[in-house]
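The values are calculated or read from the model by the stated rules, or taken from the named source; none is laboratory data. The model shown is predicted, which means the values in this text are computed figures rather than measured ones. Cβ: placed from backbone, ideal geometry, glycine included. Neighbour counts: every protein chain shown.
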Amino acid sequence: MWIGIDDTDSRRGGCTTYLAGVLLSKVQKLGLDLIGYPRLVRLNPNVPWKTRGNGAVSFQIGFGGGTPIKIGWMKGNDVWSYPLMNNQIDDSALVDRFIDRIKKILLNEIKSFAELSEDNTNPGLVMVSDQFDESWYWQAVHRIIQKDEIVSLLTRKDAWFREFKNGRGIIGATGSIAWTGKHDNTFELISYRKKKRWGSSRSIDENSVIKIDETSSLTFDNYDYVNHHVNIMPHSPCPVLFGIRGDKAEELASCMNDIQCESFDEWLIFASNQGTDDHLVVSSITDLESFQSVIIEGVVSKKPVTIAGGHVIFSISDEASSVDCAAYEPTKQFRNVVRGLDVGDVVKVFGGVRKEPFTVNVEKLEIKSCAMVYEKVENPVCPVCGKHMKSKGHGQGFVCKKCKTTAKKGKMKRKNRIVQKGIYEVPVCARRHLSKPLLRSERQKG
Ligand code: ATP
């Protein structure tokens, strides 16, 4: 049996992962097992109605086989995960006996945990015996899905679902269940604050975070060394104390023990699509659509300019079209790379397509080749009089004031380019949940 939940939190509090942990501990108490890891699945990062990172949670329950592993501690109990076995017996008939009790737990917990009074909180619950086709995950991470499309899928698949308020959460809940992570996946260990501390400022020792970052082999995005930012710690009033992300679930628990911070009890490891680049699709500039995340290639056609607020804008073109690309102020030092671009450079831009103004919000940039750029160092010397000529205006050549001899160009010199071929990414503090850090790409190449 698969359960998916989404859209239970708001900017003022709550966290769908925490609610999932509470649900899991209750479901375990019924005598059912968690199969595999609970899953924190990030969906289309450009949906306009997301609270923060468009995360949705799902998990599979049934009767486990094989040796369980401890993957958390929630509500005073260990959370055990049973491996997904190839020959897992079809336990749907057995699980059916628990269905009514599971539904009751889900509905009660949603009612007590979800921030239902918040305008933008529209929870959705989905329960279904078979995982949805993975194409639904890819759609949920790549495009905007209408709720009607999901309602008709859920009806076709005989799923049980509940919508609260406008019920939009069923979109994320369904997309999360449909994720398999077979092509690529990561893990996140999330620790939760004691309830009395929710909403107050967090206490985490920065040096201990740097230490786990240096000593663990497969974690990523723990700390931003350039901006001195502890990235594992959120700043919202939610119950999360910290989240450590990595490629190996077992490594995360030992990192957790090495973090020096306020005391906490509850924690849980999730499998996730974070850090995989799953949101990106290769596109031509002509085919760009708002709310997508894309990889486009082109030639820089307008030099970068810094506008009010410190955002840097440049344009790229291919044979058919051109588009503005933006490195916003929060991307900090990354803007220096962007400022170094010049007309003629061949680049690949990775980023989200914003509707208004229509721009690609750059997450990663590959400079494939740098154009040879020449700059004028001196006005030309008149061959008749031997004096420096004067400019006739931008792009209009030069003229000798005395004898009226003209020349097209001044003395040019090849410009020393500050940027080089290579791939560049925004700093850790500005990283999107789904963006694959270059470090992780390099590790995968081996
Ligand atoms: P957090 O990261 O704190 O969990 P959030 O950013 O996940 O919060 P939600 O509160 O879950 O934000 O809101 C996102 C909403 O968008 C949900 O209702 C979800 O069902 C919906 N949604 C997710 N993906 C899509 C999509 N591809 N198309 C349309 N709606 C979507």
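A few notes on this one:
- Candidates K157, K211, K195, K182: the one that is under 21 Å from K103 (Cβ atoms) and of a type in the set (K, R) is K157.
- The one condition in (1) under 17 Å from F164 (Cβ atoms); (2) exposed (fewer than 14 other Cβ atoms within 10 Å of the Cβ); (3) of a type in the set (V, I, T) that T67 fails to fulfil: (1)
- From S236, S263, residue being within 15 Å of the ligand (Cβ to nearest atom) and of a type in the set (G, A, S): S236
- Filter result (more than 14 Å from the ligand (Cβ to nearest atom) and β-branched (V, I, T)) within the range 122-150: V128
- For the criterion of being surrounded by 14 or more Cβ atoms within 10 Å (Cβ to Cβ), basic (K, R) and touching a residue at least 40 places away in the same chain (Cβ under 8 Å), K364 passes.
- Looking only at the range 386-442, and only at residues there that are closer than 30 Å to S217 by Cβ and hydrophobic (A, V, I, L, M, F, W, C), the one that is farthest from the chain's Cα centre (by Cα): I423
For (1) surrounded by 14 or more Cβ atoms within 10 Å (Cβ to Cβ); (2) of a type in the set (G, A, S), each residue gets a yes or a no:
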{"position": "S284", "(1), (2)": "yes, yes"}
{"position": "F291", "(1), (2)": "yes, no"}
{"position": "I295", "(1), (2)": "yes, no"}
{"position": "V299", "(1), (2)": "yes, no"}
{"position": "T306", "(1), (2)": "yes, no"}
{"position": "G309", "(1), (2)": "no, yes"}
{"position": "S315", "(1), (2)": "yes, yes"}
{"position": "D324", "(1), (2)": "yes, no"}
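- Total residues in the range 20-72, condition touching a Lys or Arg at 6+ places or on another chain (Cβ under 6 Å), more than 16 Å from the ligand (Cβ to nearest atom) and at pLDDT 95 or above: 0
- Subset tally (residues that are under 31 Å from the mean Cα position of the chain (by Cα) and in a loop (DSSP other than H, G, I, E, B)) for the range 55-85: 5
- Listed conditions (1) at pLDDT below 95; (2) under 17 Å from K303 (Cβ atoms); (3) in contact with a strand residue (DSSP E or B) (Cβ under 9 Å, 6 or more places away or on another chain) are all met by E378, apart from (2).
- Checking I110, I102 one by one, the residue that is within 16 Å of the ligand (Cβ to nearest atom) and either out of contact with any helix residue (DSSP H, G or I) (no Cβ under 6 Å at 6 or more places or on another chain) or under 17 Å from A20 (Cβ atoms) (or both) is I110 and no other.
- Selection count where residues are over 24 Å from W198 (Cβ atoms) and among the acidic types (D, E), scope the range 1-56: 1
- Residue within the range 151-167 that is of a type in the set (V, I, T), within 13 Å of the ligand (Cβ to nearest atom) and buried (at least 19 other Cβ atoms within 10 Å of the Cβ) present: no
- Screening the range 239-251 for residues that are in a loop (DSSP other than H, G, I, E, B) and more than 25 Å from A114 (Cα to Cα) and picking the one that is nearest to the ligand (Cβ to nearest atom) gives D247.
- For L94, the requirement of being away from the ligand (no atom under 16 Å from the Cβ) and in a loop (DSSP other than H, G, I, E, B) is not met.
- Exactly one residue among S200, S216, S236 is loosely packed, with under 15 Cβ neighbours inside 10 Å and in the same structural domain as R156 (by TED's automatic domain parsing), and that residue is S200.
- Selection count, the range 1-12, where residues are part of a strand (DSSP E or B) and either of a type in the set (D, E) or more than 10 Å from the ligand (Cβ to nearest atom) (or both): 3
- Hits in the range 239-277 (condition: among the hydroxyl-bearing types (S, T, Y) and crowded, with 19+ Cβ neighbours inside 10 Å): S272, T276
- The set of residues from the range 252-291 being in contact with a helix residue (DSSP H, G or I) (Cβ under 8 Å, 6 or more places away or on another chain), farther than 26 Å from K364 by Cβ and assigned to a loop (DSSP other than H, G, I, E, B) comprises I259, Q260, E262.
- Among the residues of the range 331-366, the one identified as part of a strand (DSSP E or B), polar (S, T, N, Q) and closer than 13 Å to V426 by Cβ is N361.
- Residues in the range 409-446 that are in contact (Cβ under 8 Å) with a residue 40 or more places away in the chain, more than 16 Å from the ligand (Cβ to nearest atom) and in a loop (DSSP other than H, G, I, E, B): K415, R417, I418, V419, Q420, K421, V426, P427, K436, P437.
- Qualifying position, being without any contact (Cβ under 8 Å) to a residue 12 or more places away in the chain and over 30 Å from L365 (Cβ atoms), among H388, H394: H388
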